[in-house]
Amino acid sequence: MYRMLIAVALGLALTPAMAAAQAKAVTEGETLELTATIEAIDYGSRLVTLKDTHGNFETLEAGPEIKRFHELKIGDTVTFRYHEALVFKIRKPGEAAAASDNKPVTVKRDKGPRPGGTASREMVLGVTVKAIDPAVPSITAVTDTGRVADYRVQDKNNLKGLAVGDRVEITYTQAVAISVK
């Protein structure tokens, strides 16, 4: 999870692999947060070495999307926040497919004195329903890669007619933010 959060946040881009790489299901209002300190920077190779609060080091490449890379400094504190919103649509077996699949990434760069920004996108993920909890409401589902995750559902009416074993598509939003202090 650590490497995924940092890689995504530094790249300010979300990829379809993010859904498969996520280790913990996130429900409405939950945000995974990680803080690290910049320990080394190779400006020529665009490499940043980060140290987290547990003393773990990770060196990552900052792609060309990072427009303010040259403003990063050793000792800066970098905070990464990843949020996966609740499911707002479930396409059940036999329903017409959505007009489009995953939407493009929306990137908003901070205009403040330090580098930072937010990237978000609407995701569509095919899953098989493993369990249904109408009280929450939520589903437990298995992805194509075999990952089991819980997904909170915005409208409990989406659960009507849904059965364990159904192959469905869920639509949700992912967002990642990075701030440097």
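For (1) β-branched (Val, Ile, Thr); (2) over 30 Å from Val136 (Cα atoms); (3) modelled with pLDDT under 90, each residue gets a yes or a no:
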residue	(1), (2), (3)
Met18	no, no, yes
Lys24	no, no, yes
Thr27	yes, no, yes
Glu33	no, no, yes
Arg46	no, yes, no
Asp52	no, yes, yes
Leu60	no, yes, yes
Pro64	no, yes, yes
(request) Scan the stretch 127-181 for residues that are more than 17 Å from Lys92 (Cα to Cα), touching a residue at least 12 places away in the same chain (Cβ under 8 Å) and either in contact with a Gly (Cβ under 7 Å, 6 or more places away or on another chain) or not charged (D, E, K, R) (or both) and jot them down. (result) Val136, Thr145, Val148, Ala149, Thr173, Gln174, Ala175, Val176, Ala177, Ile178, Ser179, Val180
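Looking only at residues in the stretch 133-154 that are assigned to a loop (DSSP other than H, G, I, E, B) and among the aliphatic types (A, V, I, L, M), which one is farthest from the chain's Cα centre (by Cα)? Even if it seems obvious, please write down each step before you answer.
Filtering the stretch 133-154 down to residues assigned to a loop (DSSP other than H, G, I, E, B) leaves 134-137, 144-147, 154.
Filter once more, so that each one left must be among the aliphatic types (A, V, I, L, M): 135-136.
Details: Ala135: 26, Val136: 22 Å.
Checked the stretch 133-154; the qualifying residue farthest from the chain's Cα centre (by Cα) is Ala135.
Would you check which residues across the stretch 122-142 are closer than 18 Å to Thr173 by Cβ and surrounded by fewer than 16 Cβ atoms within 10 Å (Cβ to Cβ) and list them? Steps first, please.
So in the stretch 122-142, the residues closer than 18 Å to Thr173 by Cβ come out as 122-127, 137-139, 141.
Matches in the stretch 122-142: Gly126 only.
The values are calculated or read from the model by the stated rules, or taken from the named source; none is laboratory data. Since the structure is predicted, the reported quantities are computational estimates derived from the model, not experimental observations. All Cβ positions, even for glycine, are placed from backbone atoms using ideal geometry, and neighbour counts span all protein chains on display.
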